[in-house]
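Right, one structure below, let's go through it.
The values are calculated or read from the model by the stated rules, or taken from the named source; none is laboratory data. From a predicted model like this one, the values you see are computed outputs, not experimental measurements. Note: ideal-geometry Cβ built from the backbone for every residue, glycine included; neighbour counts use all protein chains shown.
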Amino acid sequence: MSTKNTHIPEWLTVPFAGITPAPSQEKGQDLFPTGNWRSIRPVYRDKLPPCNNACGTNEKIQGYLDLVKRGKYLDAYALIKEDMPFPSVTGRVCYHPCEQACNRGKYDEAISIRAVERFLGDLGQALTSDVVKPGKPNGKKVAVVGSGPAGHSAAYQLARLGYAVTIFEKSPKAGGLNRGGIPDWVLPQNILDREIERLEQLGIEIKTGVEVGKDITWDDLKKNYDACVLAVGLTEPNSVRAEGEDKEGVLYGLSFLRDIGMGTSKVKLGARVAVIGGGNTAIDCAREALRQGAAEVTMITVEGNTKEMPASPEDLHDMVEEGVELLHGRSVTAVLGNGKVEACQLHKARFSGAINASPITVDRDAPAERFVVDNVIIAIGQHASLNWLPAEFKNERGTIKMDKFGRLGDTNFFAAGDIAQVGSGQPLMVVNAVGDGKRVAFNLDKVMRGEKLQPRTIPVDVIFDLNRMNMTYFPHFPRVQQEMLPTEKRTKTQDEVIQAFTEEQAVEEANRCFSCGTCNACDNCYLVCPEPCIARPERSNGMYKILVDYCKGCRVCIEECPTGCLEGVPELDFDTGVVRMDTAFAISPGLHGRQAQELKNLGDRPAKNI
Ligand SMILES: Cc1cc2nc3c(=O)[nH]c(=O)nc-3n(C[C@H](O)[C@H](O)[C@H](O)COP(=O)(O)OP(=O)(O)OC[C@H]3O[C@@H](n4cnc5c(N)ncnc54)[C@H](O)[C@@H]3O)c2cc1C
Ligand code: SF4
Ligand code: SF4
Ligand code: SF4
């Protein structure tokens, strides 16, 4: 094809091979106008890792695992503390929905996130003063009713926002179910004490032995505080509705554990104990019963097998290992005995519809079984005690009527935690109560500042699909296991069953994290790019930039990004700075602008003969 009479601008006559000087930001494009060929542009766009998404308080898990990898433990602790006031607690007690969601679980074994969290929490416990400081006082007072995880979290975030916070707690000690529910061999009391001390160091006043509805009223709260968070939990145990439930020797799981946790228990268990229920509280009761001296403990469940039980599989495994027996598909229809428990009467039973979410069908035509026991512990859930709450704020389920922001009507009262989440389909667990307390604190703050409460509208891209990452960079490695107290020792003490990670273990486990969808500054893109397109003033997420003048859209960086945070976006999606083959002469800064200018200036200059 003849190119005779084609006008070639000066800059495109520079020879392509053997050139000097070396390409630079200013000159490189002049020498290699590769940007012209591009139809896609690589863009750094972090996704949300599924672990962060599943954590009830959306801890920045990927972020702190990455910091642990690099030995920046204090930074990792500070990052966790943005969303979680007590990582030393959740690092022990959390049912870790993050791990169930972890992408690594689909590859080999999920990251042991909770164990790394505990490592960081314990590091925080050892600090003489915490990294978190109270906010600048804003002159506003908030009352928080209840010192459980939800109240603790709301008070913590409010203090950070500058509110003067007072917690009212009806029990003799603060902590809610973290103290009067979760046993010592899961969460030692001194760990919780230290976290409560941290709350007080933020300037939060905790008044224990003060019951709202008895010692102070709704009107007192309204009159004396600018706003209030009700985080009162579900404090009353459910009845099994069996004949003879009031006999001596029948206990309720909640009170059984609460009294032990508060140090006020006078219970002496007999040798044979039946625990009624198939959930986590029942498991705690059964395992605690062994530690309180029972020789034979049997858990009686309506669920037909272990898979149907709404209990944490790990805890179930540990319980069976400790010697607790299971009896499935039964309901207690009567407690037998002459004033004192002698046996349970059992009938075959099943859930009428969905497991754990439907009425129980008891086969009363089948012969009853007599199960000989000395004590019965009933652990089939709990409900609220809200006699003090004005009727207008009660709903048909016997809990608090509130909007989706946790706000009671147009008042400055908010509700958080189990009391707000029961019946919502959310599992009731510490981390969900913490997350709820945090969100409510921020909502309360918005109302105080006269802002409108609005639902979040920004879409979130959670990266569940391993195909969006480059898995060739991740060799298979087994999960680092936490040591366990030997089984034979466990039932004789209140010592922690699950042991802490060493520093080496924490780093090794953090190293297994894929950093799903989030740049961890691995530098791959920087190294594999065949042009000098990728610039980064320092190796850190957010510091990587694509110099589009040079990028020809070869996709190498995108394909070789292990974490899947680089993506190719069609050039047509960009309003400005478009550099494409068919717009090579567009008026835009850089070479193309100059090319366009040159074309304008061509005038009557004679064409070059080539
Ligand atoms: C036995 C048991 C074991 C559990 N184990 C785990 C576990 O291992 N991991 C996990 O993630 N979750 C566990 N859970 C669930 C978890 O404990 C709860 O979801 C969480 O504690 C709820 O927090 P909260 O702050 O809403 O309520 P709570 O922890 O119940 O705290 C509410 C507080 O409010 C106080 N209060 C109530 N009424 C008043 C009033 N009128 N005036 C003043 N104070 C008041 C109560 O005394 C209590 O201290 C367990 C639950 C139970 C019952
Ligand atoms: S609090 Fe629970 S869910 Fe959140 S990161 Fe820790 S272990 Fe996972
Ligand atoms: S691999 Fe890491 S970032 Fe990905 S889900 Fe698991 S913990 Fe989160
Ligand atoms: S290749 Fe590495 S440095 Fe580059 S974007 Fe992906 S994670 Fe970040």
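Listing for the model above:
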read-out	value
Residues located in region 55-75, provided they are surrounded by 19 or more Cβ atoms within 10 Å (Cβ to Cβ) and within 18 Å of Thr563 (Cβ to Cβ)	Lys60, Ile61, Gln62, Gly63, Tyr64, Leu65, Asp66, Leu67, Val68, Lys69
Some residue of region 303-312 being more than 23 Å from Ile498 (Cα to Cα) and either at pLDDT 95 or above or surrounded by 23 or more Cβ atoms within 10 Å (Cβ to Cβ) (or both)	no
Residues (within 9 Å of ligand 2 (Cβ to nearest atom) and under 19 Å from Glu509 (Cβ atoms)) located in region 73-92	Ile80, Met84, Pro87, Thr90, Gly91
Every residue from region 360-378 that is part of a loop (DSSP other than H, G, I, E, B) and charged (D, E, K, R)	Asp363, Arg364, Asp365, Asp374
Answer residue from region 448-496, given it is β-branched (Val, Ile, Thr) and surrounded by 15 or more Cβ atoms within 10 Å (Cβ to Cβ) and is nearest to Ala286 (Cα to Cα) among those	Thr491
Given (1) under 21 Å from Gln426 (Cα atoms); (2) assigned to a strand (DSSP E or B), index of the condition Ala357 fails	(2)
Counted residues, region 529-541 - those being more than 8 Å from ligand 4 (Cβ to nearest atom), of a type in the set (A, V, I, L, M, F, W, C) and under 19 Å from Glu559 (Cβ atoms)	2
Scope region 460-499; condition among the β-branched types (Val, Ile, Thr), within 21 Å of the chain's Cα centre (by Cα) and assigned to a loop (DSSP other than H, G, I, E, B); matching residues	Val460, Ile463, Val480
Subset of region 271-286 (residues that are surrounded by 24 or more Cβ atoms within 10 Å (Cβ to Cβ), in contact with an Asp or Glu (Cβ under 8 Å, 6 or more places away or on another chain) and assigned to a strand (DSSP E or B))	Val273
Filter result for the condition that a residue is closer than 25 Å to Asp495 by Cβ, away from ligand 2 (no atom under 11 Å from the Cβ) and either surrounded by fewer than 19 Cβ atoms within 10 Å (Cβ to Cβ) or not assigned by TED's automatic domain parsing to the domain that holds Met469 (or both), over Lys136, Lys173, Lys106	Lys173
Close pairs from region 396-421: first within 17 Å of Ala143 (Cβ to Cβ), partner polar (S, T, N, Q) and not in a strand (DSSP E or B), Cβ under 7 Å, at least 6 apart	Gly406/Asn443; Arg407/Asn443; Phe414/Asn443; Ile419/Thr399
Elements of type helices (runs of 4 or more DSSP H) contained in region 53-161, each with 2 or more residues being within 15 Å of the chain's Cα centre (by Cα) and within 16 Å of ligand 3 (Cβ to nearest atom)	61-69, 73-80, 87-93, 97-101, 113-126
